[in-house]
Amino acid sequence: MASKKILDLLIVDGTIVTVDKERRVIRNGAVAISKNKIIEVGKSSALKKKYQAKRVYDANEKLIMPGLINSHLHFYHHMHRGLSPENLNGVPWSDFVHRNVATIVEPEDEIWGGLGILIETLKTGVTTFLEAGSYNTDETLEGIARIGMRGKMGRRSFDMVSQGHDMLVDSTAICLKQNERFMKKYKGGVGLVEPCIVLVGMGRCTDELYKKSKVMADHHETVLHMHQANMLENVQESYQLYGERPIEHLYKIGALGENVVLVHMIHVNSREINMLAETKTNVVHCPSTAIKLAYGLSAFGNFPEMAQAGVNVSIGTDASDCSNFNDMVRLIYLTAATPKDYRYDAAAGSAEKAIEMATINGAKALNMENEIGSIEAGKKADIAIFDMHRPDWVPLYNEIQNFVYSAQGESCESVIIDGEFIMKDRKVLSIDEEEIIDRIQFRAKKISANLKLPTYSPWKWL
Ligand SMILES: [Zn+2]
């Protein structure tokens with residue numbers, strides 16, 4: 001009898017949602033892992049015969065998912081979660097938080113707040129993130145990398161005042177110079193976190209900044225990440241300035257492309273959808289922010305049509321003060337359910353499509369499709385394990401339906417990133433979770449003392 005091949009980790013007897021090309025779901029499945037790579041995926045009976053593992057993980061009654069990809073989150077926003085009045089639409093909300101809070105954010109707020117978001121989202125199965133722009137890039141990148149998650153982050157850059165939003169605006173030259181410096185300094189990344197180029201977008205950037213940033217992203221082979229078409233005001237402003245819609249304008253100036261990631265994208269018409277498909281531009285849908293900040297998702301959202309046209313759409317939890325949560329399982333639920341209602345058609349969204357948006361589509365957006373986003377031989381061992389022996393998971397007839405529509409994010413039991421357990425039995429192993437919570441609360445007291453903002457509520461607080 002041939003001897004068994006030795007490997008590091010063999011996950012056995014679970015249900016594996018591979019999201020591979022055939023979209024196989026393997027019951028009684030196993031995943032063989034050596035160092036940071038997946039070696040083989042198949043039935044447990046076959047893999048148990050073939051491999052001798054240093055560590056065997058019993059995944060009976062567990063769901064084995066590709067590590068989820070949170071394609072849009074913000075570090076600096078975390079410290080003002082719950083601080084702003086909830087009756088502000090997008091523009092006044094942005095003004096409120098940036099005028100009051102963003103201007104006093106210190107590097108430590110971004111580091112501890114950033115780690116807070118990452119723990120929160122990690123504990124719901126996220127292994128990879130795309131961050132949307134920091135004020136203190138160097139300290140933040142070095143500070144958050146120690147959690148051991150995979151990700152890309154950049155500098156919050158904009159060079160144009162739009163609708164009175166003049167807080168922390170820079171010149172075009174400074175934005176370009178700082179982004180180039182950041183890309184060069186952190187080439188190759190720190191841990192699993194790499195630099196990328198981030199623009200605020202949404203009428204707050206000049207054509208020169210858009211065009212030169214696209215060239216910079218091409219040169220550094222990274223992604224260009226920005227917000228666009230979130231509100232009607234954004235479209236109206238674009239008509240006033242350029243006589244055309246936001247995405248039409250980016251198309252005309254050559255700022256779209258395979259390495260461009262556009263976030264929100266609620267107000268996009270069919271002509272613009274064709275431009276996105278033609279240029280292979282990526283879109284990130286943030287349903288929780290769209291709903292809470294009244295972007296008009298139900299009235300204007302065209303996400304089923306984008307997917308139909310072949311546009312790569314992934315999803316993100318966005319900022320902790322407009323989403324306000326970082327639970328990816330809750331976000332996947334919203335992604336699947338909202339189009340059913342706003343199209344008055346239960347077939348307009350599906351559990352499978354929502355899972356694709358949280359896994360393989362996110363990998364494409366980050367230009368990491370060949371490395372992550374599915375459980376396949378040759379890919380990085382980024383895996384989220386969910387416990388199905390829980391009230392929210394039973395009765396269990398269809399693991400995919402229960403995952404998307406019934407399960408809670410906290411049913412994520414363990415997370416493996418790059419072959420290492422970063423969370424095991426709900427305990428984060430890479431950093432001290434209690435310390436992060438205490439640090440955030442300590443920073444919050446300081447912010448609260450400086451700002452002296454009221455608690456916005458019609459109720460009597462004693
Ligand atoms: Zn954002």
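Got a sec to turn the phi values of the stretch 372-380 into Karplus ³J(HN,Hα) couplings, 6.51 cos²θ - 1.76 cosθ + 1.60 with θ = phi - 60°, whole Hz, x for Gly and Pro?
In residue order, the calculated couplings are 9, x, 7, 9, 9, 4, x, 8, 5 Hz.
Quote the Stokes-Einstein diffusion coefficient, in whole µm² s⁻¹, for the stretch 311-462, based on the Kirkwood radius over alpha carbon pairs, a temperature of 10 °C and a viscosity of 1.306 mPa s.
D, rounded to a whole number, is 87 µm²/s.
Given a 1.4 Å probe, how much area per residue of the stretch 68-365 is accessible, in Å²?
It amounts to 33 Å² per residue over the stretch 68-365.
Over the stretch 68-365, with every protein chain in place, what whole percent of the accessible area is carbon and sulfur at 1.4 Å, could you tell me? Don't jump to the answer; show the numbers that get you there.
Working: 5030 of 9950 Å².
Solvent-exposed carbon and sulfur of the stretch 68-365 make up 51 percent of the total.
Could you bin all the Cα-Cα distances of the stretch 161-294 into 5 Å bins starting at 0 and give me the percent of pairs in each, rounded to whole numbers?
2, 10, 20, 22, 21, 15, 8, 2, 0
Please give the Cα centre distance for the stretch 185-241 versus the stretch 377-434, rounded to the nearest Å.
Cα centres, the stretch 185-241 to the stretch 377-434: 32 Å.
Can you compute the helix-only [θ] at 222 nm over the chain? Use -39500 (n - 2.57) per DSSP H run of at least 4 residues, normalise by all residues, nearest 500 deg cm²/dmol.
Details: 17 runs with 169 residues, N = 462.
The helix contribution divided over the chain gives -10500 deg cm²/dmol.
Quick one: pull the percentage of alpha-carbon pairs in the stretch 127-179 with a separation above 13 Å.
More than 13 Å apart: 63 percent of the Cα pairs in the stretch 127-179.
Just the C-alpha atoms of the stretch 230-377: what Rg/Rh do they give, with Rh taken as the Kirkwood radius?
Here the Rg-to-Rh quotient is 0.96.
From the backbone phi of the stretch 6-12, what are the Karplus-calculated ³J(HN,Hα) couplings (6.51 cos²θ - 1.76 cosθ + 1.60, θ = phi - 60°) in whole Hz, Gly and Pro given as x?
8, 9, 7, 9, 10, 8, 10
Out of all DSSP beta bridges in the stretch 68-365, what portion is antiparallel? Express it as a percent rounded to 5.
Expressed as a percentage, antiparallel bridges in the stretch 68-365 total about 5.
After finding the eigenvalues of the alpha carbon gyration tensor for the stretch 68-365, what semi-axes result from the square roots of 5 times each, listed largest first in whole Å?
Values for the stretch 68-365, descending: 25, 22, 20 Å.
Using C-alpha positions alone, give me the convex hull volume of the stretch 1-129 per residue in cubic angstrom.
Value for the stretch 1-129: 156 Å³ per residue.
Whole-Hz ³J(HN,Hα) for each residue in the stretch 410-422, computed from phi via Karplus 6.51 cos²θ - 1.76 cosθ + 1.60 with θ = phi - 60°, x for glycine and proline: what do you get?
6, 7, 5, 8, 8, 9, 10, 10, 6, x, 10, 6, 9
Between 0 and 90 degrees, rounded to the nearest ten: what's the tilt of helix 107-122 against the longest Cα principal axis of the chain?
The angle comes out at about 40 degrees.
Using just the Cα positions, wrap the stretch 210-267 in a convex hull and report its mean projected area in square nanometres, one decimal place.
Quarter of the Cα hull surface area: 3.7 nm².
Taking Rh as the Kirkwood radius computed over C-alpha pairs, what is the Stokes-Einstein D of the stretch 118-211 at 10 °C in a medium of viscosity 1.306 mPa s, expressed in µm² per second? Kindly include the intermediate steps, with their values, before the conclusion.
Values: Rh = 14.1 Å.
Once the numbers are plugged in, D ends up at 113 µm²/s.
Quick check on my link table: of 185/379; 21/184; 185/214; 340/379; 187/427; 340/424, which ones sit more than 26 Å apart, alpha carbon to alpha carbon?
Listed pairs above 26 Å: 185/379; 21/184; 340/379; 187/427; 340/424.
Which longest run of the chain has no exposed loop site in it, a site being trypsin sites (Lys or Arg not before Pro) in a DSSP loop with at most 10 other beta carbons within 10 Å, and the site itself not part of the run?
It works out to 22-451.
Please report, to two decimal places, log10 I(q)/I(0) for the stretch 1-42 at q = 0.26, 0.29, 0.30 Å⁻¹ as given by the Debye formula with identical point scatterers on the Cα atoms and no solvent.
For the stretch 1-42 at q = 0.26, 0.29, 0.30 Å⁻¹, log10 I(q)/I(0) is -0.93, -1.02, -1.05.
Mind checking Rg over Rh on the stretch 420-462, alpha carbons, Kirkwood formula for Rh?
My calculation of the ratio gives 1.24.
Using a 1.4 Å probe on the protein heavy atoms only, what accessible surface does residue 216 show? Give it in Å² to the nearest 10.
20
Specify the angular offset, from 0 to 90 degrees and rounded to the nearest 10, of the alpha carbon long axis of helix 270-279 from the longest principal axis of the alpha carbons in the chain.
Roughly 60 degrees between the two axes.
Compute the helix-to-body angle for 207-220: its Cα long axis versus the longest principal axis of the chain, expressed 0 to 90° and rounded to tens.
Helix 207-220 and the main axis of the chain meet at about 30 degrees.
The values are calculated or read from the model by the stated rules, or taken from the named source; none is laboratory data. All of these numbers come straight from a predicted model, not from anything done at the bench. Note that we place each Cβ from the backbone using ideal geometry, even for glycine, and neighbour counts take in every protein chain shown. We work out accessible area using only protein heavy atoms, side chains counted, and drop any ligands, DNA or RNA first. Shrake-Rupley method; radii C 1.70, N 1.55, O 1.52, S 1.80 Å.
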